[in-house]
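This report refers to the structure that appears directly beneath it.
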Amino acid sequence: MDFPHREAPYVGPKADVAALMLQVLAALVPAALAHIWFFGPGFLFNLLVAAIFAAAGEIVMLRLRSRQAETGLSDFSALVTAALLAFALPSLTPWWVTASGALFAIVIAKHLYGGLGFNIFNPAMAGYVMILVAFPVHLNLWVAPRMGDIDYQTLTMLQTLQFTLTGLLPDSISFDAISRATPLDAMKAGLNNMQTVTEIKALPIMGSIGGRGWEWVGIFLAVGGIWLLIKRIIRWQIPAGVGIGLLLPATIIYILDPGANPGPGFHLFGGGAILCAFFIATDPVSAASSPKGRFVFGLGVGLLIYAIRRWGSYSDGVAFAILIMNMSVPAIDYLTRPHIVGHDDKAERH
Amino acid sequence: MLTAILTIATIALIAGLALSLAARKLPYDENALVEQVNDLLPQTQCAQCGYPGCRPYAAAIVEGTAAINLCPPGGEETVRRLADLLGKDIKPLVGATQPAVAVIDEALCIGCTHCRNACPVDAIIGAHQFMHTVIASECTGCELCVAPCPVDCISMRSLT
Amino acid sequence: MTAPTFDLGKLHGGLRLTANKSSSTATPILDMPIPEQLVLPITQHVGDPAHPVVGIGERVLKGQLLAESDSALGAPVHASSSGKVIAIEPWPVSRRNGDTAPCIIIESDGADKPIERAESAPDFTTLEPDVLLTQILHGGIVGLGGAVFPTAQKLMQARTCELSYLILNGVECEPYISCDDMLMRERAAEIISGAEILMHALQLDVCYIVVESDKPEALHTLGDVLAELHDKRIILKQVPSIYPSGGEDQLVQLVTNREVPSGGLPTDAGCLVQNVGTAAAIHDWVIDHEPLISRIITITGDGVASPMNVRARIGTTVADAINFTGGYTERAEQLIIGGLMTGRSVTTDRVPLVKASNCVLVLSETPSPGAEMPCIRCGNCADVCPVQLLPQQLFWYACADDERKLREFGLTDCIECGCCDLVCPSHIPLTFDFRMAKGRIRELADEKARAARARKRFEARNERLDLEQSKRDSELALQKKSVKQAGPAAIAEILKRKRQQDEED
């Protein structure tokens, strides 16, 4: 009897890129729901616009590169980029800002560098930085969180949609009534005005640890992140590195001068630190790939986030920290190669 | 906004012009590049490219007077590597050869030394009016010895 | 008696795989009857090919020498049963995935008459180690774990090193294969006897028999025999069932916490590793005078009707073996000689079972893994690599044909275990790519060496020609000078002589 010839091993891999991406998206769902609950349906529209334009950019670029568009879309990586972008943006971002961010992320930061697996920079962060620098005003349209005692007005879904698409509010509502600065913005502005941390933390926008509403989103993000850790979709080195890099200097400087510096809890739950630690910095393509390298990468990200928040002019430094560390990945990988069994490292690497 | 676009576009234009000027005018270490190109060539020294050896061909490539697809013993592989090194387009190979070695039919050899003198890597040994033979392990298959033989006793045997 | 598990080194990575061994270990080993035709490849070992010492038409007896190799690295082949040599010709073999190699084909006469042996050999404990090793060489013993390295030569090389441990490999970590498990259950005494012979040959005092913890019956049996024997030198060790702890280098690391140097052998780390089957074969030869003419083979997979372990004569074709066990099922699609991760996919069942064949695995259609996607640098592969390589980096450099980087990142240390393939979400056939890349590195190194030699010869030739030319030039210059000095009269004389010559021609 005759048989065909195949190559060993004779069992297929169980893992799958699409499955990986879908699990990351699943881990984001609780936080997304919390976001919508506290800050209104703007997040949904951002996600929709980002997803549509990311998919469109992916299809066009794949066609231009003579590849199969279906294969590219079916791995869901564009959707993950869109979701992370939506998390980074304020709820009331106009549609064209989100769209240009998504297009920049997919077309330039991903495909012009070679497509999936070849990009040096995290596409979502590259897109965010581009619109942050190009359209700074429009990236300040933060909605006040839903809390019974804050004096604010909510927009209905239709009103949100109207604003996203046209930039117009209903006549009865003024922008000041619906928006508030983010906790990080408020902290930075307050500190620049020589207020103490205690005074700033008394603002109604502040919650118990981070900002109101934001700390809940942060908790759900952490839950999702821990679930990803348990399922071994991400490894502990990067979140640990980010955590230590951010919280160690934060704690030390807070202890040295508590009046002028917010504590580690605030740093952790304010801004995009948790999102970064579990979802953004762990993007496998743009992060380092050896275990030690991953920890160093995370550490660098955490330290840069703290440095930009404390001494830089931007209120949150997640995106810049990520992009700067992306650039150092080849060096990190080279310097943190693991020991190969049977090799004499001292003899070989000097 | 318009000023911003114009400014960035002008800067890009000036930078591009400066780069192309630098690429043309500034001196660079030609010799090092010729060495690198020569390293990629198979060292057959067969002159099928039209140059008397691999190094002259390498020099011509760097100068720009020779195309990168003229080396049959190097094969498509060498064209690809040269294209990678020099940033040129990959062109189809001009002529192709099978790997082969020269073999002398001892019965017919008259010891005239014509083939021995023709071999660019001295892979044929033999004195005047004594039997000649090809050192098969050193023969690069360049075929330069086949033509000079007055009794047609040397031929190429394919290695595949 | 349970074995102690302390003192274990650590093995990086590896995978826990579904064993799929319960169906083939449910029944004891069946002895397969002698088939009508025995096909014996002349070369059943790593090393230089052997040559036949019998002719076509010759009658041979069981255990008679059929082929031997004259080089230092080789092992003889013996007749697995009595009969007549009807042909010596190319026949499909598993070593070449179904392509042919020279084989001696014997038509068995059913009598199974053994060759006459000299009176019983002396007690091995009285023999000098070198004499014992020469005796082992004549038994055709090769490594039965699958590597088929000639055992005598391996032992001879080991004698030149400083050894601390003999390690008997009963780990058998690859899915589906269970022949060593059954051997340990049914022939534990022979294995331990083989261990004693080896310890005498190597003059060693410590022997570890290593078994995975998913083989309780084997551990039990070995433990009982050891308890009765009271030989303190032989110690039973249990290790967790992680693939590929059964690899030689990995086992050394696991048991002794020493790393085998890259490009080196376990003897460089003071250990000699032998498969339990090889130990039993050594016992059979040294004590019972039976050379290596049969072995235990697992016939299994969902493509065979009754999975089991059989003891078959070397030279039995796979087709005969499967027929004996009950034939194929309708779903038989893939024939593999070896295990699920490192076996050879063979194109025909006419291939004979040889010394290296530990398992015949017939699978129903292996599902195609899906389209290969770009590497997303997830690092799953690096997590499971037992040698602590970075397969994602090796993959990039293999695609780029970067020989230097491939060496630097340890491609030659890859044991091709297949763990990285199993965990890659982009479905990249990493093991296959690395196998190709290893061949490519050798090819490129050869090419480079040839080109370097040709270049040197070319430059030397140019120098020689330049030297000859400059000699000629200086001679000519000298001549010209002397002619000038001689004066116009001399020139006229030369010209007159030349004119005369031309007139004569």
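All Cα-Cα separations within the range A:29-125 were binned at 10 Å from zero, giving a P(r) of 18, 49, 26, 7, 0, each value a whole percent of the pairs.
Based on C-alpha pairs under 8 angstrom that are at least 6 apart in sequence, chain C has a relative contact order of 17 percent. Protection proxy ranking, highest mean first, for peptides C:453-465, C:243-255: C:243-255, C:453-465, where packing is the per-residue count of other beta-carbon atoms within 10 Å, averaged.
Take A:61-67, B:49-55 and order them by the average number of nearby Cβ atoms within 10 Å per residue, most first; the result is B:49-55, A:61-67.
Helix-only mean residue ellipticity at 222 nm, chain C, DSSP H runs n ≥ 4 weighted -39,500 (n - 2.57), per residue, nearest 500. What is it?
It comes out at -11500 deg cm²/dmol, rounded to the nearest 500.
Based on the reciprocal of the average 1/r between different C-alpha atoms, the Kirkwood radius for chain C equals 26.0 Å.
Computed from point charges on the beta carbon alone (+1 for Lys and Arg, -1 for Asp and Glu), the dipole magnitude for chain C about its Cα centre is near 2160 Debye. When each of A:Met130, B:Met1 is scored by the number of other beta-carbon atoms lying within 10 Å, the sequence from fewest to most is B:Met1, A:Met130.
When the alpha carbon gyration tensor of the range B:1-106 is reduced to an equivalent ellipsoid, its three semi-axes come out at 42, 15, 9 angstrom, largest first. Straight-line cross-link partners of C:Lys113 among the lysines, defined as a Cα under 22 Å from its Cα and at least 8 positions apart when in the same chain: C:Lys62, C:Lys84, C:Lys355. Excluding same-chain neighbours fewer than eight residues apart, the lysines reachable from C:Lys481 by a Cα-Cα span under 17 Å are C:Lys471.
Think of the range C:289-447 as a dipole: +1 on every Lys or Arg Cβ, -1 on every Asp or Glu Cβ, centred on the Cα centre; then among C:Tyr397, C:Ile293, C:Leu335, C:Ile293 lies furthest on the positive end. For the range B:98-160, the alpha carbon convex hull comes to 70 Å³ per residue, rounded to a whole number.
Taking the Cα centre of the range B:29-97 as the origin, how large is its charge dipole in debye, to the nearest 20, when only Lys and Arg (+1) and Asp and Glu (-1) carry charge on their Cβ atoms?
220
Between helix A:237-256 and chain A, what is the angle of the helix's C-alpha long axis to the longest principal axis, kept within 0 to 90° and rounded to the nearest 10? Helix A:237-256 sits roughly 40 degrees off the main axis of chain A.
Which residues among the range B:72-114 fall inside the zone where the amide N is under 16 Å from a point 7 Å beyond the Cα of C:Lys405, along Cα→Cβ? Once the point is set 7 Å along Cα→Cβ of C:Lys405, B:81, B:84-85 turn out to lie under 16 Å by backbone N, inside the range B:72-114. Membrane-span-like helices in chain B, defined purely by DSSP H runs whose alpha carbon atoms cover 27 Å or more axially and whose average Kyte-Doolittle hydropathy reaches 0.5, are B:2-25.
Among residues other than C:Ala321 whose Cβ falls under 14 Å from its Cβ, what is the net charge (Lys/Arg +1, Asp/Glu -1)? Result for the local shell: 0.
Within a straight-line Cα-Cα reach of under 18 Å, C:Lys10 can be paired with the following lysines, leaving aside sequence neighbours fewer than 8 residues apart in one chain: C:Lys237.
Given their separation in residues at 0.36 nm each and the Cα-Cα distance between them, C:Ala489 and C:Ile115 gain 124.6 nm when the chain is fully extended.
Just want the answer: with Cβ charges of +1 for Lys and Arg and -1 for Asp and Glu, which residue in A:Ser174, A:Gly263, A:Phe43 is farthest toward the dipole's positive end in chain A? Final value for the positive-end residue is A:Gly263. Computed over the range C:30-313, the P(r) tail beyond 30 angstrom holds 31 percent of alpha carbon pairs.
For chain B, the list of Cys residues with no other Cys C-beta under 4.7 Å reads B:Cys49, B:Cys54, B:Cys71, B:Cys109, B:Cys112, B:Cys119, B:Cys139, B:Cys149, B:Cys153.
Return the loop-located trypsin sites (Lys or Arg not before Pro) in the range B:67-125 (DSSP other than H, G, I, E, B) with at most 16 other Cβ atoms within 10 Å of their own Cβ; answer none if there are none. Hits after loop and neighbour filter: B:Lys88. Computed from label points 7 Å out along Cα-Cβ, the spacing between A:His339 and A:Lys231 is 3.5 nm.
With semi-axes defined as the square roots of five times the eigenvalues of the C-alpha gyration tensor, the equivalent ellipsoid of chain A measures 36, 27, 17 Å, largest first. Only alpha carbons enter this Debye calculation for the range A:197-350, each as an equal point scatterer, and the log10 of I(q)/I(0) it gives at q = 0.15, 0.18, 0.19 Å⁻¹ is -0.79, -1.05, -1.13.
Averaged over the residues of A:288-295, the number of partner chain Cβ atoms lying within 10 Å of the residue Cβ comes to 3. Of the residues A:Ile52, A:Leu323, B:Ser20, the one whose Cα sits farthest toward the positive end of the charge dipole of the protein assembly as shown, with +1 on the Cβ of Lys and Arg and -1 on the Cβ of Asp and Glu, is B:Ser20. Helical runs assigned H by DSSP (4 residues or longer) give chain B a calculated mean residue ellipticity at 222 nm of -12000 deg cm²/dmol, each run adding -39500 (n - 2.57) before division by the residue total. Across the range A:198-206, computed HN-Hα scalar couplings (Karplus, 6.51 cos²θ - 1.76 cosθ + 1.60, θ = phi - 60°) run 4, 5, 5, 6, 7, 4, x, 6, 7 Hz from first to last residue, x flagging Gly and Pro.
Under 5 Å from the amide H of C:Asn275 lie the amide H atoms of C:Leu144, C:Gly145, C:Asn169, each residue being 5 or more positions distant or on a separate chain, with H modelled from the backbone and absent for Pro and chain starts.
Taking Lys and Arg as +1 and Asp and Glu as -1, the other residues whose beta-carbon sits under 13 Å from that of C:Ser94 total +3. Pick from A:Lys14, A:Lys110, A:Lys292: which is most flexible by mean-square fluctuation in a GNM of chain A where alpha carbon atoms under 10 Å apart are linked? Maximum among the listed residues: A:Lys14.
For peptide B:42-54, the mean count of partner chain Cβ atoms within 10 Å of a residue's Cβ comes to 3. Net charge of the neighbourhood of A:Arg309, taken over other residues with C-beta under 9 Å away and scored Lys/Arg +1, Asp/Glu -1, is +1. Compute the helix-to-body angle for A:42-64: its Cα long axis versus the longest principal axis of chain A, expressed 0 to 90° and rounded to tens. Compared with the principal axis, the helix lies near 30 degrees.
Expressed as a whole percent, the proportion of Cα-Cα pairs in the protein assembly as shown lying more than 46 Å apart is 51%. In degrees from 0 to 90, rounded to the nearest 10, what is the angle of the helix C:276-286 Cα long axis to the longest principal axis of chain C? For C:276-286 against chain C, the angle is about 90 degrees. Derived scalar couplings between HN and Hα for the range A:328-337 equal 8, 4, x, 5, 4, 4, 5, 7, 10, 5 Hz in order, rounded to whole Hz, by the Karplus curve 6.51 cos²θ - 1.76 cosθ + 1.60 (θ = phi - 60°), x for Gly and Pro.
Scanning residues 5 or more positions from C:Ile235 or on other chains, those with amide H under 5 Å from its amide H are C:Cys207, C:Tyr208, C:Ile209, with H placed 1.01 Å from N in the peptide plane. Both the radius of gyration and Dmax for the range C:375-505 are 33.4, 96 Å, in that order, over alpha-carbon atoms. Take the Cα radius of gyration of the range A:16-181 and divide it by 2.2 N^0.38 Å, N being the number of residues; the result is 1.09.
Charging the Cβ of each Asp and Glu at -1 and of each Lys and Arg at +1, and nothing else, the dipole of the range A:194-260 about its Cα centre rounds to 400 debye.
FYI, it's all coordinate maths here, none of it is from the lab. Remember, predicted model here, so these are calculated numbers, not experimental data. Cβ: placed from backbone, ideal geometry, glycine included. Neighbour counts: every protein chain shown.
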